[in-house]
Every structure is written in C-alpha cells, then in structure tokens.
1. Exactly one of (1) on the phi > 0 side of the Ramachandran plot; (2) in a loop (DSSP other than H, G, I, E, B) is unmet by residue 18. Its number?
2. In the list 298, 304, 317, which residue meets the criterion of being closer than 25 Å to residue 45 by Cα, open to solvent by less than 30 Å² (accessible area, probe 1.4 Å) and touching a Ser or Thr at 6+ places or on another chain (Cβ under 6 Å)?
3. State yes or no: is residue 244 open to solvent by less than 50 Å² (accessible area, probe 1.4 Å) and either more than 24 Å from residue 67 (Cα to Cα) or in a helix (DSSP H, G or I) (or both)?
4. Filter segment 65-79 for residues that are assigned to a helix (DSSP H, G or I) and either touching a Pro at 6+ places or on another chain (Cβ under 9 Å) or charged (D, E, K, R) (or both) and give the result.
5. Does segment 2-23 contain any residue that is within 14 Å of the chain's Cα centre (by Cα) and over 30 Å from residue 206 (Cα atoms)?
6. Which condition number does residue 47 fail, the rest of (1) in a helix (DSSP H, G or I); (2) open to solvent by 50 Å² or more (accessible area, probe 1.4 Å); (3) in contact (Cβ under 8 Å) with a residue 24 or more places away in the chain; (4) more than 14 Å from residue 212 (Cα to Cα) being met?
7. (1) crowded, with 19+ Cβ neighbours inside 10 Å; (2) at pLDDT below 95; (3) of a type in the set (Asp, Glu): which one isn't true of residue 61, the others all being true?
8. Among 272, 238, which is the only one that is under 15 Å from residue 94 (Cβ atoms) and either in contact with a Leu (Cβ under 9 Å, 6 or more places away or on another chain) or touching a residue at least 12 places away in the same chain (Cβ under 8 Å) (or both)?
Amino acid sequence: MTTQAQAAQKWAIVVHGGAGTIDRGQLRPEQEAAYRAALAKVVEAGATVLDQGGSALDAVETAIHLLEEDPLFNSARGAVFTAEGRIELDASIMDGASLAAGAVAGVTRTRSPLSLARAVMERSPHVMMVGAGADAFSASQGLEQVDPSYFATHRRWRSLENYLKAHDLPVPAKPPGLERPDPANGLAHDEGKHGTVGVVALDLNGDVAAGTSTGGTTGKQWGRVGDSPIIGAGTYASNAACAVSATGAGEYFIRLTVARDIAALVELKGMSLQAAADEVVQNKLTALGGDGGIIAVAPDGQVAWSFNTSGMYRGRAAKGEATSIGIYKDEP
C-alpha cells in the first residue's frame with residue numbers, strides 16, 4: 001500500500017445521471033422521488049464495494065451497471081434513438097493507478113457497454129473499438145449480448161419523432177421492442193440533449209477510477225460520437241490528479257478536453273479539485289458556449305461536481321459521511 005493510501009484510508013464515490021434543463025417545478029413529486037431513489041441506490045451499491053475493500057474500478061462498474069439498466073437515464077436500456085431509428089451506445093473507463101483505459105462507440109448488442117469498455121482495457125491491446133467490431137469482440141469475451149430491441153423505450157421513440165418532425169427530417173419505421181410496456185412507467189423526465197451516466201471512485205488503496213456510458217443525443221446522424229468514449233474529454237483518471245466523468249454537449253467537451261484539463265490543473269497547478277472543476281466548467285466551457293457538467297474525486301478524498309446547466313442528477317458518499325443526492329442547481 002502506498003504512503004498516500006496509508007495516510008488516507010478512505011473511500012469516496014460520486015455518480016451522475018446527466019445534466020440539462022432540469023428546473024424545479026418541471027418534475028412531478030413522484031418523478032423527483034424516483035430519480036432520487038435511483039441515484040441513492042447506485043451510490044449505495046458502489047459505496048458497498050468500496051467499504052468492503054473493493055477496487056475503484058469494480059465500484060465504478062457496479063454502479064454504472066445499475067444506471068445502464070435503469071430506463072430513467074440515457075444509457076443502454078432507455079437510451080435515445082439515432083435519426084435512423086437505431087440505438088448506438090458509447091462508454092469508457094479508466095484506471096488512475098496504471099492509466100489503462102478502454103472505450104467503445106456505436107455498440108448495438110452488448111447489454112453493458114461499460115463492461116465492454118473494461119474488457120477492451122483489460123483483455124485487448126487496444127484502447128477503443130467501434131461498431132460491429134466492438135460487439136464481435138464483446139461476444140468473443142463472453143459478455144451478454146441482447147437484441148437491439150432490448151434497449152428501446154416508448155418515450156425515447158416519441159422524443160425522436162418530435163425531433164425529426166421539428167427538423168423536417170423523415171421518421172423511420174418503428175423498430176421492434178416498442179410493443180412492450182414502458183419500463184419507466186411515466187416517471188422519466190426529458191433532460192434535453194445531455195443524457196449520460198458516469199461514476200468516479202476512490203478506493204482504500206488510494207486508487208481512483210472513472211467511467212462514463214451514454215446513448216448519445218436524440219436524432220444523431222452519420223455515426224456521430226460525443227465525448228463519453230473519448231479518454232481525456234468525457235472520462236479521465238490519474239492517481240497523480242483525480243478521476244473525472246463528464247456529461248453535456250460533447251463536441252465542446254472534446255474541443256476543451258474537459259476531463260484531462262481539470263486533472264492538469266490539479267496536478268500541475270496545485271489547484272483544489274473544486275476550483276479546477278469550476279475553472280473548466282464555469283469559465284472555459286461556458287465561454288466557449290458549451291453546457292453540461294462533471295463529477296470528480298481525488299486520491300486525497302476531495303470530491304467535486306460542477307455544472308452550468310439548471311440541473312444535474314448526482315449523488316456522492318464517502319467513508320464516515322452521509323450520502324448526498326442532488327438534482328437542482330441550488331442544492332449543495
């Protein structure tokens with residue numbers, strides 16, 4: 001165990017379920033309760049892994065699995081549709097101890113894109129795989145495969161129809177899967193174009209890790225890929241600095257390499273984690289015209305989140321501290 005870990009002996013976890021237009025009064029009481037309960041469940045699952053001595057990577061994967069399976073969020077089950085009526089999933093994960101990373105984009109058949117990203121990191125010589133090749137690798141590694149209809153939900157299809165009609169684009173034929181009851185049961189809220197899920201964690205060994213998973217943006221065309229699977233933009237982790245997961249307008253996060261920029265301010269300028277996050281999100285990202293947010297954790301136990309939208313689904317917990325769940329901008 002490192003000297004840093006011996007001194008710290010603490011764990012921490014932060015999760016997000018996307019940022020966007022989430023104002024007070026937009027969510028009905030039952031909707032707000034559903035999101036808070038879902039976030040608390042995810043935080044608790046990851047915290048249990050860490051409290052029992054599990055790795056930051058395992059905590060990230062455990063927590064993101066729950067988010068990917070929850071149709072309240074834009075990730076795997078419940079992801080948004082492309083303009084062609086497909087669901088294409090992106091994810092990435094990074095280990096702060098070794099700087100190892102894995103990412104996938106345009107996945108259509110792997111039940112957990114985050115687990116596939118981890119397999120790319122740990123079982124291949126590569127960092128990123130895309131499309132059918134990524135799914136083929138997934139199947140070769142024994143990861144669960146599903147029919148694309150597994151991910152489909154009514155509300156995401158309605159969002160696609162509305163988007164395409166508003167932009168005078170053709171509406172494709174309905175895909176299979178929409179005949180099933182909507183698993184969100186009317187509780188989901190349209191967060192706009194910033195739906196993503198992510199988790200960062202610090203384990204008792206002093207190691208940090210980050211992971212991000214998304215369905216992208218409604219009506220995306222031409223194989224568009226955002227920041228979520230881009231190491232340094234939507235995901236980054238280094239024991240020399242911090243772990244970061246982002247959500248927002250991906251093109252801006254890519255151009256600013258938001259996640260790596262925050263880590264660089266911590267590592268090279270000695271800024272506190274919150275100050276570094278705010279400098280990048282509130283100043284640089286906002287000045288460029290991008291919106292969204294990030295969550296972060298440092299090896300010394302600092303945790304932070306920062307977003308320039310009206311809301312971000314988020315939660316955190318740490319050893320010896322109570323769990324905190326937030327949705328709106330005015331919550332701590």
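1. Residue 18 satisfies all of (1) on the phi > 0 side of the Ramachandran plot; (2) in a loop (DSSP other than H, G, I, E, B) except (2).
2. Working: 298 fails: touching a Ser or Thr at 6+ places or on another chain (Cβ under 6 Å); 304 fails: touching a Ser or Thr at 6+ places or on another chain (Cβ under 6 Å).
Just a single option satisfies the conditions, and that option is 317.
3. Values: open to solvent by less than 50 Å² (accessible area, probe 1.4 Å): yes; either more than 24 Å from residue 67 (Cα to Cα) or in a helix (DSSP H, G or I) (or both): no.
So residue 244 fails the test.
4. At the first step, the residues of segment 65-79 found to be assigned to a helix (DSSP H, G or I) are 65-69.
Answer for segment 65-79, where residues must be assigned to a helix (DSSP H, G or I) and either touching a Pro at 6+ places or on another chain (Cβ under 9 Å) or charged (D, E, K, R) (or both): 68, 69.
5. Step one: of segment 2-23, the residues within 14 Å of the chain's Cα centre (by Cα) are 13-20.
After this cut, where a residue has to be over 30 Å from residue 206 (Cα atoms) as well, the list is 20.
Checked segment 2-23: at least one residue is within 14 Å of the chain's Cα centre (by Cα) and over 30 Å from residue 206 (Cα atoms).
6. It fails just one condition, (2).
7. Looking at each condition in turn, residue 61 falls short on (2).
8. Working: 272 fails: under 15 Å from residue 94 (Cβ atoms).
Being under 15 Å from residue 94 (Cβ atoms) and either in contact with a Leu (Cβ under 9 Å, 6 or more places away or on another chain) or touching a residue at least 12 places away in the same chain (Cβ under 8 Å) (or both) holds for just one of 272, 238, which is 238.
The values are calculated or read from the model by the stated rules, or taken from the named source; none is laboratory data. This is a predicted model, so every value here is computed, not measured. When we count neighbours, we look across all protein chains shown, and the Cβ atoms used for this are built from the backbone with ideal geometry, even at glycine. Accessible surface areas use protein heavy atoms only, side chains included; no ligands, DNA or RNA. Shrake-Rupley method; radii C 1.70, N 1.55, O 1.52, S 1.80 Å.
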